[in-house]
């Protein structure tokens, strides 16, 4: 496949949206969660607790949605 090879995790998610592997609107939505991942891994002292609580309470299903989108794309293309 001739797909852009981003240098960041966030860029990877946005590229998946650009290529319609996952819905572009969903990619933009979860790209912010990828930014949070980078903070957790590289600069965990600057974590905004309210954002973490919001993600844990309201956005855990996004992981299952992401997997669903990837599975659907794989079934349709392979």
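The values are calculated or read from the model by the stated rules, or taken from the named source; none is laboratory data. Predicted model, so just to flag it, every value in this text is computed and none were measured. All Cβ positions, glycine included, derive from the backbone under ideal geometry; neighbour counts span all protein chains shown.
Okay, here's what the table says:
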quantity	calculated
Members of segment 6-40 that are under 25 Å from residue 53 (Cα atoms) and in contact (Cβ under 8 Å) with a residue 40 or more places away in the chain	26
Residue 40 being out of contact with any strand residue (DSSP E or B) (no Cβ under 8 Å at 6 or more places or on another chain) and surrounded by fewer than 14 Cβ atoms within 10 Å (Cβ to Cβ)	yes
Check on residue 50, more than 11 Å from the chain's Cα centre (by Cα) and assigned to a helix (DSSP H, G or I)	yes
Odd one out for residue 67 among (1) without any contact (Cβ under 8 Å) to a residue 40 or more places away in the chain; (2) part of a loop (DSSP other than H, G, I, E, B)	(2)
Residue count for segment 21-37, restricted to those that are surrounded by 12 or more Cβ atoms within 10 Å (Cβ to Cβ), part of a helix (DSSP H, G or I) and modelled with pLDDT of 85 or more	7
